[in-house]
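Heads up, the thing below is written out as structure tokens.
The values are calculated or read from the model by the stated rules, or taken from the named source; none is laboratory data. Just so we're clear, the structure is a prediction, and the values are computed from it rather than from any experiment. For neighbour counting, all protein chains shown are included, and Cβ atoms are generated from backbone atoms with ideal geometry for every residue, glycine included.
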Amino acid sequence: MNFLSDFILLLKARYPIIYISTSEEERIEYLIKYTTKKYVPRVYYSWDFIDGYQGNPNDKGFASRNPLEALELISKLTPETGAIFVLRDYDNFLKDYSIIRKLKNLSKTLKTQPKNIIIISSEINIPDTLKEIITVMEFPLPSYAEISEELKRLMKSLQQEISDEVLANISGACQGLTLERIRRVLSKIIAQYGNVNESSIPLILEEKKQIIQQTQLLDFCTADKKICDLGGLNNFKKWLDIRSKAFSKEATDYGLPYPKGLLLVGVQGTGKSVAARVIADSWNLPLLRLDFGRLFGSLVGQSESRIRKVIQIAEALSPCVLWIDEIDKAFASSQNSGDNGTTNRVLATFITWLAEKITPVFVVATANNISWIPPEVLRKGRFDEVFFLSLPNYDERCSIFEVHLRRFRPKNFSEFQYPLLGKVSKDFSGAEIEQVVIEAMRLGFNEKREFTTEDILSSIQNLVPLARTKNKEIQELKAWAESGNVNLASD
């Protein structure tokens, strides 16, 4: 069932208080009015703290700046009168004892009357004393079909033609934005270019990037790493190549389900984060980064609301890559936290979504400590594959040196002695190899000359790799990987 059918069912079933979480007041109120006219006949009342009630001439301005009085109007109407009362931002007053008591009293009487209270707010803030009588609904972002209709309406008003292909591309680019944001960015496009066409997409993506950053839950990352920037990891690269068209229309027509995601486990500095960026670039998908620490808020229900918001945004932006860096730390904190189970509930919501999602959101999670991750996360069905990224072998170290030297010295990278560098850098991770190259550049720069293989060798001698300081932990991780629980990213 979709939102509209669910909403109609709640109204007909006489659910007394419905709480709708959305930042799109105008769009949800339009839908509520449409529902009262076509499906569930009701008189429509709307209230906010500043202007009081609007819409009905007899009650215009009533209960202005008085949230308790706003509920009194509901009691004054006759029991037979069908009505819907939309209360904007009313969550700000739900901790007041008199309002709590009034809502409880109203919930008893409204069960037998054709009346409903609709609370609209951008966040879910419900005290425990009211959770039993309030039904929460989350209003989804505009669907692909809604966006297409809005674009067609705009093109018609501008008397412009738009091809089906351009319409499909722009509608897809707009997914994840509110209808108001879409209208705003389209106005910006028309002001700048005069019409809407394929060249409009970069401006839409920039707007999308801003709105995602404003949520302070997700980061819109640039997929600035190509597969040639990743040294070694041939098994991982083959896996990616086989699924290069997994999100295409051809794959859907063939009947292939969307891939769910990858869990990349390994030693620090072995390229797990780079691999996430490579996936987004290889598949030409937007890359979103989630920091689990941002999800947790101080208010009751806020953390759970935030993880649902993250899921909603990711699904609206699909197809996309959702990157979760160091997911093992989130599970470790759930075992030691004293937050009355909030962390466990957030993680449970996320794990359930991983198993059940059918939208093309490819989740890439990275982890350093596999012992912190519960077994139910590692089982097939949550992720398509679990890859272990070990310390690079000799050939991979030579390849990683070449990747970085090509980047820093594209004209004379071939002058360096890669076999020697690969040999003396045993137990070095990819990140540590990059660091010794940078340190060698500092030595050459300080002496006002070009850096050489000898400078890199000197930097290698002065750096103690993590593999030697954390040898026990790394050996345990390797033993786990070699037990056959995971696929090795390298040959």
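Filter segment 366-423 down to the residues that are of a type in the set (Phe, Trp, Tyr) and surrounded by 16 or more Cβ atoms within 10 Å (Cβ to Cβ) and list them by number.
If the condition is that a residue be of a type in the set (Phe, Trp, Tyr) and surrounded by 16 or more Cβ atoms within 10 Å (Cβ to Cβ), then TRP372, PHE383, PHE387, PHE388, PHE401, PHE413, PHE416, TYR418 are the ones that fit.
In segment 61-69, is there at least one residue being assigned to a helix (DSSP H, G or I) and more than 37 Å from the chain's Cα centre (by Cα)?
Yes.
Condition first: over 11 Å from PHE139 (Cβ atoms) and over 24 Å from the mean Cα position of the chain (by Cα). Now tell me which residues in segment 1-17 satisfy that.
Within segment 1-17, SER5, ILE8, LEU9, LEU10, LEU11, LYS12, ALA13, ARG14, TYR15, PRO16, ILE17 meet the criteria.
Which residues, taken from segment 3-30, are free of Cβ contacts under 8 Å to residues at least 40 places away in the same chain and within 19 Å of SER121 (Cβ to Cβ)? Outline the logic, then answer.
Step one: list which residues in segment 3-30 are free of Cβ contacts under 8 Å to residues at least 40 places away in the same chain, which gives 4-5, 8-9, 12-13, 30.
TYR30, the sole residue that qualifies.
Evaluate the following for THR469: is it under 16 Å from GLN268 (Cα atoms), surrounded by fewer than 20 Cβ atoms within 10 Å (Cβ to Cβ) and among the hydroxyl-bearing types (Ser, Thr, Tyr)?
So THR469 passes the test.
Which residue is farthest from PHE362 (Cα to Cα), if the candidates are limited to segment 226-249 and must be charged (D, E, K, R) and out of contact with any Asp or Glu (no Cβ under 6 Å at 6 or more places or on another chain)?
Step by step, filter segment 226-249, then rank; the result is ASP229.
Scan segment 260-273 residue by residue and report those that are farther than 17 Å from VAL377 by Cβ and not aliphatic (A, V, I, L, M).
GLN268, GLY269, THR270, GLY271, SER273
In the list GLY61, GLY55, which residue meets the criterion of being touching a Ser or Thr at 6+ places or on another chain (Cβ under 6 Å), at pLDDT below 95 and over 20 Å from THR22 (Cα atoms)?
Answer to the check: GLY55.
Right, LEU167: closer than 23 Å to VAL310 by Cα, outside the structural domain of SER318 (by TED's automatic domain parsing) and surrounded by 14 or more Cβ atoms within 10 Å (Cβ to Cβ) or not?
no
Output yes when any residue across segment 221-238 is more than 23 Å from ASN369 (Cα to Cα) and of a type in the set (Phe, Trp, Tyr), and no when none is.
no
Could you list, ordered by first residue, the pairs with Cβ atoms under 9 Å in which the first is in segment 64-77 and among the hydrophobic types (A, V, I, L, M, F, W, C) and the second is exposed (fewer than 15 other Cβ atoms within 10 Å of the Cβ) and not in a helix (DSSP H, G or I), at least 6 apart or interchain?
Going by the 9 Å Cβ cut-off, the qualifying pairs are LEU68/ASP96.
Name the residues in segment 93-107 that are over 24 Å from LYS33 (Cα atoms) and touching a residue at least 24 places away in the same chain (Cβ under 8 Å), would you?
First, pick out the residues of segment 93-107 that are over 24 Å from LYS33 (Cα atoms): 93-102, 104-105.
Hits for segment 93-107 are PHE93, LEU94, LYS95, ASP96, SER98, ILE99, ILE100, LYS102, LYS104.
Return the residues of segment 189-200 that are buried (at least 17 other Cβ atoms within 10 Å of the Cβ) and either assigned to a helix (DSSP H, G or I) or polar (S, T, N, Q) (or both); say none if nothing qualifies.
Looking only at segment 189-200, we keep the residues that are buried (at least 17 other Cβ atoms within 10 Å of the Cβ), and these are 189, 196, 200.
ILE189, SER200 - these are the residues of segment 189-200 that are buried (at least 17 other Cβ atoms within 10 Å of the Cβ) and either assigned to a helix (DSSP H, G or I) or polar (S, T, N, Q) (or both).
With the structure loaded, tell me whether ARG294 is under 17 Å from ILE351 (Cα atoms), surrounded by fewer than 20 Cβ atoms within 10 Å (Cβ to Cβ) and either in the same structural domain as THR359 (by TED's automatic domain parsing) or aliphatic (A, V, I, L, M) (or both) or whether it fails that test.
Answer is no for this residue.
Looking only at segment 452-466, count how many residues are farther than 22 Å from LEU264 by Cα and either part of a helix (DSSP H, G or I) or not assigned by TED's automatic domain parsing to the domain that holds VAL403 (or both).
9
Being surrounded by fewer than 20 Cβ atoms within 10 Å (Cβ to Cβ), touching a residue at least 60 places away in the same chain (Cβ under 8 Å), over 24 Å from ASP128 (Cα atoms) and not assigned by TED's automatic domain parsing to the domain that holds GLY430 is the requirement here; does ARG289 meet it?
yes
Take the residues in segment 34-60 that are of a type in the set (D, E, K, R) and assigned to a loop (DSSP other than H, G, I, E, B); name whichever of them is nearest to GLU80 (Cα to Cα).
Looking at residues that are of a type in the set (D, E, K, R) and assigned to a loop (DSSP other than H, G, I, E, B), I get ARG42.
Closer than 21 Å to LEU141 by Cβ and at pLDDT 85 or above: does that describe LEU287?
It is true that LEU287 is closer than 21 Å to LEU141 by Cβ and at pLDDT 85 or above.
Out of SER199, SER157, SER121, I need the residue that is small (Gly, Ala, Ser) and over 27 Å from LEU31 (Cα atoms). Which one?
SER199
Across segment 335-353, what is the total count of residues that are surrounded by 20 or more Cβ atoms within 10 Å (Cβ to Cβ) and either modelled with pLDDT under 85 or of a type outside the set (Phe, Trp, Tyr) (or both)?
The total comes to 3.
Need pairs with beta-carbon distance below 9 Å; first residue touching a residue at least 60 places away in the same chain (Cβ under 8 Å) and within segment 201-229, second in a helix (DSSP H, G or I) and polar (S, T, N, Q); sequence gap 6+ or separate chains.
Sorted first by the residue in segment 201-229, then by its partner, the pairs are ASP219/GLN213; PHE220/GLN210; PHE220/GLN213; ALA223/SER282.
Among the residues of segment 1-33 satisfying the criterion of being touching a helix residue (DSSP H, G or I) at 6+ places or on another chain (Cβ under 8 Å) and part of a loop (DSSP other than H, G, I, E, B), which is nearest to THR112 (Cα to Cα)?
Here the residue is ARG14.
Which of the residues belonging to segment 397-451 are of a type in the set (Ser, Thr, Tyr), over 35 Å from the mean Cα position of the chain (by Cα) and in a helix (DSSP H, G or I)?
Those that are of a type in the set (Ser, Thr, Tyr), over 35 Å from the mean Cα position of the chain (by Cα) and in a helix (DSSP H, G or I): SER414, TYR418.
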